[in-house]
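The values are calculated or read from the model by the stated rules, or taken from the named source; none is laboratory data. Predicted model, so just to flag it, every value in this text is computed and none were measured. Reconstructed Cβ throughout: ideal geometry from the backbone, glycine too, with neighbour counts over all protein chains shown. Accessible surface is based on the protein model in full, side chains and every heavy atom, while ligands, DNA and RNA are left aside. Shrake-Rupley method; radii C 1.70, N 1.55, O 1.52, S 1.80 Å.
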Amino acid sequence: MIRTMLMALGIACSCTPIWAQKYAGEAGTTASKFTVDGAMLIYDSGNVTGDAYPEIDGPDVDQLRTLLRRNPDITTLQLTSTGGLVWAGNEMAHIVLDFGLDTVAEGECSSSCVTIFLAGEKRSLTRGSRLGFHQNSWSEAGMQSYFKEWREDENWDTAFDFASWVYQDTQHETAAQIEFMIDRGVDPLFAIETKMYRPIMWFPSRRELEAAGILRD
């Protein structure tokens, strides 16, 4: 794969490399997203101040790692987020795996938040909360921006060259996401179902989540 596409968290939003670099370079903007409560680290991506990005973002990755190193007694990560940058969610999931944390979803945990959630050893959903799934998406404006920014580096002479790369990379990314879910104990058919086209977010029932291996003690 040439480069991981920076897909959007929401169905109508997309993230280009320039956009990601802008936020990845901001320091100290994500502290309010995290709260340490004894053995639990609470993460709410919407709890931000100022101009901070109110969803899963690049600086959250380093902040998560730093807080876990400073607080070795933390055993559980509580998650509340409607989603965010795909690559940031992937990196945070790797950190959760590395520290062997349990995960708890509180309120809504959707899109990239589910990726982090699935990294937990034990995974639970508080009553009244929900997990949301959808395909990754890329808006027309986001694709145009990406093409203009990277066409010389990637030797894309025409938009058709770019489209060919997108086709291949999308298959790679989708397969990798399904593989990750299966590796985390999710039923393969359910993992595939999460990548089926839907115009809106899919919120499976608790019974469906339990049967699919998403929730586990």
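Data table
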read-out: Backbone HN-Hα couplings from phi across region 121-127 [Karplus 6.51/-1.76/1.60, Hz, Gly and Pro as x]; value: 5, 9, 10, 10, 10, 5, 4
read-out: HN-Hα J in Hz across region 189-206 - Karplus 6.51, -1.76, 1.60, θ = phi - 60°, x for Gly and Pro; value: 5, 5, 4, 5, 4, 5, 9, 6, 5, 9, x, 9, 5, 9, 10, x, 6, 4
read-out: Förster-model FRET efficiency, 45 Å R0, Asp153 and Thr35, C-beta, rounded to 0.05; value: 0.65
read-out: Heavy-atom accessible area order for Val48, Val114, Val36, largest first, 1.4 Å probe; value: Val36, Val48, Val114
read-out: Extreme residue, positive dipole direction of the chain, given options Pro199, Leu97, Met40 (C-beta unit charges); value: Met40
read-out: Solvent-accessible surface ranking, highest first, for Asp37, Asp169, Asp51 at 1.4 angstrom; value: Asp51, Asp37, Asp169
read-out: Options Phe190, Gly84, Leu125, ranked by Cα towards positive dipole end of the chain, top entry (Cβ charges); value: Leu125
read-out: Vicinal HN-Hα couplings computed from phi for region 149-156 (Karplus, 6.51 cos²θ - 1.76 cosθ + 1.60; Hz; Gly/Pro x); value: 6, 10, 4, 6, 4, 9, 6, 8
read-out: Electrostatic dipole magnitude of the chain [Cβ: Lys, Arg +1; Asp, Glu -1; Cα centre; debye, to 20]; value: 560 debye
read-out: By average C-beta atoms within 10 angstrom, highest first, the peptides 92-103, 65-76, 196-207, 126-137; value: 92-103, 126-137, 65-76, 196-207
read-out: Residues of region 83-105 with amide N under 13 Å of the 7 Å Cα→Cβ point at Glu210; value: none
read-out: Per-pair calculated FRET efficiency, R0 = 25 Å: Thr66 and Thr170 via Cβ, rounded to 0.05; value: 0.15
read-out: At 0.890 mPa s and 25 °C, Stokes diffusion of region 78-188 via Kirkwood alpha-carbon radius, µm² per second; value: 157 µm²/s
read-out: Approximate shape of the chain as ellipsoid semi-axes (Cα gyration tensor, √5λ), whole Å, largest first; value: 29, 22, 15
read-out: Cut-off under 5 Å, modelled amide H: who pairs with Gln78 long-range; value: Leu41, Ile42, Tyr43, Val104
read-out: Segment Asp183-Arg198, length gained on full extension (0.36 nm per residue, minus Cα span); value: 3.0 nm
read-out: Helical contribution to [θ] at 222 nm, DSSP H n ≥ 4, -39,500 (n - 2.57), averaged over the chain, rounded to 500; value: -12500 deg cm²/dmol
read-out: Placed amide H near Arg198: partners under 5 Å, 5+ positions off or other chain; value: Gln135
read-out: Lys148, Lys122, Lys33, Lys195, ranked by accessible area, largest first (probe 1.4 Å); value: Lys148, Lys122, Lys195, Lys33
